[in-house]
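Presented below is the structure to which this report refers.
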Amino acid sequence: MKQSKLFTKTKKEIPADEVSKNAELLIRGGFIHKEMAGVYSYLPLGLRVLKKIENIIREEMNKVGGQEILMSSMQPKENWEKTGRWNDLDVLYKVADSAGREVALGPTHEEIVVPILKNYVNSYKDFPLALYQIQNKFRMELRSKSGILRGREFIMKDMYSFHTSTADFEKFYEQMKEVYKTIFTRVGIGHITYLTFASGGTFAKYSHEFQTITAAGEDTIYVDESSGTALNKEVFNDEVLTQLNLKKEDLVEQRAIEVGNIFDLKSKYSKPFDLSYMDEKGVKHDVLMGCYGIGLGRLMGTVVEALADDKGMIWPHAIAPYSVHLLSLGEDENILKEANKVYESLLKNNIEVLFDDRVGVSPGEKFADADLLGIPLRVVVSKRSLDEKGVEVKKRSEEKGKIVSLNELISLLEPKS
């Protein structure tokens, strides 16, 4: 992609109505556009990041046998009345048409996935089963001040698992813990993300969150660094510490952002819709359920909050909009010719590259934009690099670069088997 053709432009000024680092940097970099509080559109660079996160999540869900579906955003009122959540869920958007018929805009999809499944399963032989989707959700968040960390409209992966026994559910639940750890490692924040015990609310005594350490976090957690165990502030008491064999003096208080959660739903949603199965003896039982959520935008915003520096974003390679940011410095014909040669070579080798070919933009501006956009590797073609018969290569996370040949650059970027 040539940067001169990219319709978005970087901005120097900080958005006046944004207080979060993720929103400030993503808007300035042209990754997202704010429509209203808690609602953002994803622009070309931002959508590339979002799609890479989506593909990582999809790959990991498929590995554990998840079947992908796409459920409706508009949900029947009667389904929500059956579960008792039509009046009890305070974040639920309720929409009425001109005839007065009301529907819910889905904040979650238990009320849809269970009735769907009821049409297709009724025997113990149909289980276990896991269905997931990656889809827009709507929640009436009245304090949307955290950029894409907390939105009124957002994209979420929600998986629902269905089981005939507690043992089968617990086996899958433990498997999903590891799957989530893998996802957060792949997107570049595994080293600062902890499996965290949280209050289970109406679902179970405890549930689990995945919390990423960052000063911008809304949550307080207590981390036992030796075991990798963490507790949310809500469950921080002597009883829980004893059950988990933890000592207060070993725990470190941290601020963190919740990037995922997993719940034991038991039969809370299967029972109202009579989602059941017949066992080998013809006896009827309620289906047991679990749910597993990750907000894609929230995860993207967390990466920005956790890894950015004072110059801009620092994208991990796996989710960066491009692998290489190629800069052409100066308007000498030989420099432009060499930069285009490098650009074509990178494309030929299937390397994702954003080429800053803009004319009339100073080197200082190009460097500042490269730091802001945070693409992992900066490659510069300049008079100096031409004199040394190569290109200057610098990682976004490092201070100094080095001159390498074009062949060395291609070799550096080729996927390692």
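No lab work stands behind these numbers, since they all come straight from the coordinates. Predicted, not measured: the structure shown is a model, and the values here were computed from it. All Cβ positions, even for glycine, are placed from backbone atoms using ideal geometry, and neighbour counts span all protein chains on display.
Summing +1 for each Lys or Arg and -1 for each Asp or Glu among the other residues whose beta-carbon sits under 9 angstrom from that of Leu326 gives -1.
Charge dipole of the stretch 3-307 (Cα centre as origin; +1 on each Lys and Arg Cβ, -1 on each Asp and Glu Cβ, all else neutral): 1100 debye, rounded to the nearest 20.
Counting only chymotrypsin sites (Phe, Trp or Tyr not before Pro) that DSSP places in a loop and that have at most 11 other Cβ atoms within 10 Å, the longest clean stretch of the chain runs over 121-417.
Shown is the FRET efficiency for Ser226 and Asp274, computed with R0 = 51 Å from the Cβ-Cβ distance and rounded to the nearest 0.05: 0.60.
Taking K and R as +1 and D and E as -1, what net charge do the other residues with C-beta under 13 Å from the C-beta of Asp274 add up to?
Once all neighbours under 13 Å are counted, the net charge is +3.
Note on the chain: dipole from Cβ charges, positive end direction compared against His191, Phe355, Ala230; the farthest Cα belongs to Phe355. Taking GluC sites (Glu not before Pro) as exposed when DSSP calls them loop and at most 14 other C-beta atoms lie within 10 angstrom, the chain has its longest site-free stretch at 14-217.
Per residue, the average separation of C-alpha pairs within less than 8 Å and at least 6 apart gives the chain a relative contact order of 16 percent. When the Cα positions of Thr166, Gly282, Val19 are compared along the charge dipole of the stretch 3-307, Val19 comes out farthest toward the positive end, with charges on each C-beta of Lys, Arg, Asp and Glu. With helices as the sole contributors, the chain gives -9000 deg cm²/dmol at 222 nm; each DSSP H run of n ≥ 4 counts as -39500 (n - 2.57), and the sum is divided by every residue.
For semi-axes √(5λ) of the Cα gyration tensor in Å, the choices are (i) 45, 24, 22; (ii) 38, 22, 20; (iii) 30, 25, 21; which was calculated from the structure? Recomputing semi-axes √(5λ) of the Cα gyration tensor in Å here gives the entry labelled (i). In this rough spin-label picture, where each label sits 7 Å from Cα along the Cβ direction, the Lys177-His285 distance is 2.3 nm. Looking at the stretch 79-142, the trypsin sites (Lys or Arg not before Pro) that sit in a DSSP loop and have at most 10 other Cβ atoms within 10 Å of their own Cβ are Arg101.
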